[in-house]
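Read the structure below first, then the notes.
Values quoted throughout were computed directly from the atomic coordinates according to the rules given, and no laboratory measurement underlies them. Just so it is clear, the structure is predicted and the values come from calculations on it, not from any experiment. Quick reminder, even Gly has a Cβ in these numbers, built from the backbone with ideal geometry, and neighbours come from all protein chains shown.
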Amino acid sequence: MASLHDIPIEREPWLTKREVAAELRCSTRTIERLSLPAMRVGGQNRYRLSEVEAFLTKRSRPAEVISFPLKPNQETIA
């Protein structure tokens, strides 16, 4: 069985807010707050996973590495 990631965009299904939340492993409220690209159908938003992933990739930033100085006499943990 093909996953949603393997389907060409022309044949890609429109997903509900709940289905997108399940794919991204977050709440439906988070989907609402993100203002993801969607198509309004029958009074409800429908999403294409490829468009959502492209939106999130474009919006994301690389994680910052934060280092703290060691206290005197403190060894590094490897």
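When the Cα convex hull of the stretch 7-57 is projected onto planes of every orientation, the mean area is 3.5 nm². Here ARG48, ARG18, ARG11 are placed in order of increasing Cβ neighbour count within 10 Å, fewest first, which gives ARG11, ARG18, ARG48. Between LYS58 and GLN44, the distance separating the two model label sites (each 7 Å from Cα on the Cα→Cβ line) works out to 2.6 nm.
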